[in-house]
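Sharing a structure here in structure tokens format.
The values are calculated or read from the model by the stated rules, or taken from the named source; none is laboratory data. Note that this is a predicted model, so its numbers are computed, not measured. Quick reminder, even Gly has a Cβ in these numbers, built from the backbone with ideal geometry, and neighbours come from all protein chains shown.
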Amino acid sequence: MNKKALKNIIEGILLSSFEPISADKLYKVLSKHNQTTKADILNAIDELKDDYSLKEIEIINVASGYRIQAKNTLTDYLSIIFSERIPRYSRALLETLSIITYRQPVTRGDIESIRGVTVSTSIMKTLTDRNWVRIIGYREVPGKPAMFATTPEFLDYFGLESLSQLPELPQIKEPKNLDLALDETTDSKKTTIPPESIN
């Protein structure tokens, strides 16, 4: 198969797919009808990336494979078109997801300890229903609580290949001269009793 034909077929497959497709899966599908190698497929994908460099679409590699998507420059337009379909997530859900993402594996008790409030069953159900979070085991402590971690679908949704691509958490800086500040506060609250008022 010539390079142009291979590139066009891969482009058509990726555009038609509702989920990312790995290079291995592409090879399995294409090699049934054509003589090609995995290296040929990867080269064709690289060429497609170059073709899209001046367009508003791109090929990205996420945890489950490759997909074609709109570039971030179209976000404002797409948010208008798909405004009714965009799910709204509560701050509590996003905080819970963030804790699981950065501290995994964690139990509900761990999450509640960090957030300081109870984690509602509906939040955990939403996260598991979306297949962003799953139970990966049970902690060997009394009650054997379930331990949660993120899934490849979570990485796919947020356009990540691996957890190593997550942004680093900001450092919480301790205030400088804390002892001095406390001393000054304490001193400012002291009252001086004039000697003449003491009997």
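Would you check if TYR89 is surrounded by 11 or more Cβ atoms within 10 Å (Cβ to Cβ), within 30 Å of TYR52 (Cα to Cα), of a type in the set (Ser, Thr, Tyr) and at pLDDT below 90?
Values: surrounded by 11 or more Cβ atoms within 10 Å (Cβ to Cβ): yes; within 30 Å of TYR52 (Cα to Cα): no; of a type in the set (Ser, Thr, Tyr): yes; at pLDDT below 90: yes.
It is false that TYR89 is surrounded by 11 or more Cβ atoms within 10 Å (Cβ to Cβ), within 30 Å of TYR52 (Cα to Cα), of a type in the set (Ser, Thr, Tyr) and at pLDDT below 90.
Name the residues in region 1-53 that are closer than 30 Å to PHE154 by Cβ and not in a helix (DSSP H, G or I), would you?
Correct list: SER17, PHE18, GLU19, PRO20, ILE21, SER22.
Suppose we filter region 146-161 for residues that are part of a helix (DSSP H, G or I), among the aromatic types (Phe, Trp, Tyr) and surrounded by 18 or more Cβ atoms within 10 Å (Cβ to Cβ); how many remain? Full working, then the answer.
Our first condition is that a residue be part of a helix (DSSP H, G or I); within region 146-161, this holds for 152-157.
From what is left, the residues that are among the aromatic types (Phe, Trp, Tyr) are 154, 157.
Next, only the ones that are surrounded by 18 or more Cβ atoms within 10 Å (Cβ to Cβ) stay: 154.
Within region 146-161, residues that are part of a helix (DSSP H, G or I), among the aromatic types (Phe, Trp, Tyr) and surrounded by 18 or more Cβ atoms within 10 Å (Cβ to Cβ) number 1.
State all residues of region 132-153 that are of a type in the set (Lys, Arg), in contact (Cβ under 8 Å) with a residue 24 or more places away in the chain and in contact with a helix residue (DSSP H, G or I) (Cβ under 8 Å, 6 or more places away or on another chain); if no residue qualifies, say none.
Within region 132-153, the first condition is being of a type in the set (Lys, Arg), and the residues that meet it are 134, 139, 144.
So of that shortlist, the ones also in contact (Cβ under 8 Å) with a residue 24 or more places away in the chain come out as 139.
Within region 132-153, no residue meets the criteria.
So, of the residues in region 123-167 that are polar (S, T, N, Q) and modelled with pLDDT under 90, which turns out to be farthest from PRO105 (Cα to Cα)? Steps first, please.
First, the residues of region 123-167 that are polar (S, T, N, Q): 126, 128, 131, 150-151, 162, 164-165.
Filter again for modelled with pLDDT under 90, leaving 162, 164-165.
Details: SER162: 15, SER164: 15, GLN165: 18 Å.
In this case the residue turns out to be GLN165.
Here is a follow-up. Tally the residues that are surrounded by fewer than 12 Cβ atoms within 10 Å (Cβ to Cβ) and charged (D, E, K, R), restricting the search to region 130-145.
2
Please identify the pairs in which a residue from region 22-43 that is β-branched (Val, Ile, Thr) has its Cβ atom under 6 Å from the Cβ atom of a residue that is not in a loop (DSSP other than H, G, I, E, B), counting only partners at least 6 apart or on another chain.
Between residues of region 22-43 that are β-branched (Val, Ile, Thr) and residues that are not in a loop (DSSP other than H, G, I, E, B), the close pairs are THR36/LEU30; ILE41/ALA23; ILE41/LEU26; ILE41/TYR27.
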